[in-house]
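K.L.:
This is the structure, below, for whatever I ask next.
The values are calculated or read from the model by the stated rules, or taken from the named source; none is laboratory data. These numbers were taken from a predicted model, which means no experiment stands behind them. In this analysis, Cβ positions are derived from the backbone assuming ideal geometry, glycine residues included, and neighbour counts consider all displayed protein chains. In case anyone asks, the SASA skips ligands and DNA or RNA and just uses the protein heavy atoms, side chains included. Shrake-Rupley method; radii C 1.70, N 1.55, O 1.52, S 1.80 Å.
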Amino acid sequence: MDVLDLEPIKLNGVDFSQQRPVVIAGPCSAETEEQVMNTAHDLAKRGVKIFRAGIWKPRTKPGSFEGIGSEGLKWMKRVKEETGMYTSTEVATAQHVYEALKYGIDMMWIGARTTANPFAVQEIADALRGVDMPILIKNPVNPDLELWIGALMRINQAGLKKIGVIHRGFSTYDKTIYRNLPQWQIPIEIKRRFPNLPVICDPSHIGGRRDLILPLSQQAMDLQFNGL
């Protein structure tokens, strides 16, 4: 039987196990300092405590915008200083981890493409060894529950205990109303196996359309997810 040694995810003023929903918000990709700061200040006024922005973006083909890189971490630091929000970003390599730590990022997440690669997850786990911070792990792009659990175990075995998961849906070739199929039974099963594991829903990635955000968010809340 798979076992995880977990501790509650608590940031000052944010408790993943007690507050529903915990809201994590911000631009998919940090593109300009103005965009990041304007978004952050607007979210802070609305009571959002955790700001997220992609600094490095994995793209299917070269030539697409692959993120602003470490320059954007300076903007994230400014967000923290000016708004008091916690900051979070995606990491896919050990170097990303080191850069994010250098600029005081409070929480990191592992993206769906990275979760699908055990070698990449292990590299990140090794880089995080000795670090005490929340780590969120997105489901792999394909609906493979064991692969998702394997990523959790790798991070946990590196000594990190403040772990949660992000349900962002699963890739499909079928034409549906969703960008990524929810397949709710998979996050339900991971919650059944690990009752103390916080589960966050990413309705933007699942829906891919603004009009689907509200119903997807409501469904996640009805299923007792911890946040959005």
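K.L.:
How would you order 202-209, 58-65, 2-9 from highest to lowest mean count of nearby Cβ atoms within 10 Å? Write down the numbers at each step before the final one.
P.N.:
Details: 202-209: 19.4, 58-65: 8.2, 2-9: 14.4.
In decreasing order of mean packing, 202-209, 58-65, 2-9 become 202-209, 2-9, 58-65.
K.L.:
Have a look at Pro195, Gly159, Thr176 and report the one farthest towards the positive end of the charge dipole of segment 95-209, computed about the Cα centre with Cβ charges (Lys/Arg +1, Asp/Glu -1).
P.N.:
So the residue we want is Thr176.
K.L.:
What percentage of the solvent-accessible surface of segment 73-228, computed with a 1.4 Å probe over protein heavy atoms, is contributed by carbon and sulfur atoms?
P.N.:
That fraction is 51 percent.
K.L.:
With just the Cα atoms of segment 120-194, tell me how far they stretch along each of the three principal axes, in Å, largest first.
P.N.:
44, 25, 18
K.L.:
In Å², what does the accessible area per residue of segment 1-57 work out to with a 1.4 Å probe? Show your work: numbers first, answer last.
P.N.:
Details: 3150 Å² over 57 residues.
Normalised by residue count, the accessible surface of segment 1-57 is 55 Å².
K.L.:
So how far, in whole Å, is the C-alpha centre of segment 45-90 from the one of segment 115-149?
P.N.:
Centre-to-centre distance over Cα atoms comes out at 19 Å.
K.L.:
Filter the cross-link list Lys162/Lys191; Lys102/Lys191; Lys57/Lys191 down to pairs whose alpha-carbon distance in this structure exceeds 25 Å.
P.N.:
Check vs 25 Å cut-off fails for Lys102/Lys191; Lys57/Lys191.
K.L.:
Over the chain, what is the percentage of antiparallel beta bridges among all DSSP beta bridges, to the nearest 5?
P.N.:
Beta bridges within the chain, antiparallel portion: roughly 10 percent.
K.L.:
Heads up, I need the accessible area for Arg193: 1.4 angstrom probe, whole protein in place, Å², nearest 10.
P.N.:
80 Å²
K.L.:
A further question follows. Counting Lys +1, Arg +1, Asp -1, Glu -1, what net charge surrounds Gly54 among other residues with beta carbon under 14 Å of its beta carbon?
P.N.:
Combined, the nearby Lys, Arg, Asp and Glu give 0.
K.L.:
If I stretch the segment between Lys10 and Leu214 completely, what's the gain in nm (0.36 nm per residue apart, minus their alpha carbon distance), one decimal?
P.N.:
So the chain would gain 70.8 nm between Lys10 and Leu214.
K.L.:
Shifting gears a bit: In the chain, if every C-alpha pair distance is counted and binned at 5 Å from zero, what percent goes to each bin?
P.N.:
Over the chain, the share of Cα pairs per 5 Å bin runs 1, 7, 15, 19, 22, 19, 12, 5, 1, 0 percent.
K.L.:
Under a plain spin-label model, where a point goes 7 Å from the Cα along Cα-to-Cβ, how far apart in nm are Ser70 and Asn117?
P.N.:
My value for the distance between the label points is 2.0 nm.
K.L.:
Let me know the charge dipole size of segment 5-155 about its Cα centre in debye, to the nearest 20, where only the beta-carbon of Lys, Arg (+1) and Asp, Glu (-1) is charged.
P.N.:
It works out to roughly 260 debye.
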